[in-house]
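Visitor: Starting off with a structure, shown below.
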Amino acid sequence: QVQLVESGGGLVQAGGSLRLSCEASGSTYAMGWFRQAPGKEREFVAVVRGSASMTDYADSVKGRFTISRDNAKSTVYLQMNSLKPEDTAVYYCAADRRFTRAPMTSPGQYAYWGQGTQVTVSS
């Protein structure tokens, strides 16, 4: 069992930046971020996986968000720049231990989830 603890959410004006952190209690193969806005389905944001820290991003955040991983601290970060009101959502950290070559963009591919942290971007 892996526990995930998120931090770093908050309120920011459009164009601002926030950094989310997620610490895992054990080793993982992949760690990702999803988000869910009111009335919408949970959607993929970014993932980092493997020893080479391969990354993948949703088109909506490419060029603005950066995911990174500190393996020594078992922590993943999501640096969010140029934030937009449409980025407002609860952001969830997710992790899985299983190796796969498939894109890890579906919530069903992750066994472990954090409690979520609110990100609100005002216009």
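Visitor: Specify which of the listed residues (Gly32, Gly16, Gly8) is closer than 19 Å to Val119 by Cα, small (Gly, Ala, Ser) and either open to solvent by 40 Å² or more (accessible area, probe 1.4 Å) or in contact with a Cys (Cβ under 8 Å, 6 or more places away or on another chain) (or both).
Guide: Selected residue: Gly32, the only one of Gly32, Gly16, Gly8 that is closer than 19 Å to Val119 by Cα, small (Gly, Ala, Ser) and either open to solvent by 40 Å² or more (accessible area, probe 1.4 Å) or in contact with a Cys (Cβ under 8 Å, 6 or more places away or on another chain) (or both).
Visitor: Turning to a different aspect of this structure: Hey, can you tell me all the residues within the range 39-76 that are acidic (Asp, Glu) and closer than 15 Å to Thr105 by Cα?
Guide: Passing the criteria: Glu41, Glu43, Asp56, Asp59.
Visitor: I would also like to ask the following. Among the residues in the range 62-74, are any surrounded by 14 or more Cβ atoms within 10 Å (Cβ to Cβ), touching a residue at least 40 places away in the same chain (Cβ under 8 Å) and closer than 14 Å to Leu4 by Cα?
Guide: yes
Visitor: With respect to the numbered conditions (1) under 12 Å from the mean Cα position of the chain (by Cα); (2) under 19 Å from Gly9 (Cβ atoms), which one is the sole condition not fulfilled by Asp56?
Guide: It is condition (2) that Asp56 fails.
Visitor: Could you list, in sequence order, all residues of the range 43-61 that are among the β-branched types (Val, Ile, Thr) and either assigned to a loop (DSSP other than H, G, I, E, B) or open to solvent by 10 Å² or more (accessible area, probe 1.4 Å) (or both)?
Guide: Selection gives Thr55, Val61.
The values are calculated or read from the model by the stated rules, or taken from the named source; none is laboratory data. Treat the numbers as computed from the prediction; the structure is a model and nothing was measured. Methodologically, a virtual Cβ is constructed for each residue, glycine included, from the backbone with ideal geometry; neighbour enumeration extends over all protein chains shown. Just so you know, the surface numbers come from the protein's heavy atoms only, side chains and all, with ligands and any DNA or RNA stripped out. Shrake-Rupley method; radii C 1.70, N 1.55, O 1.52, S 1.80 Å.
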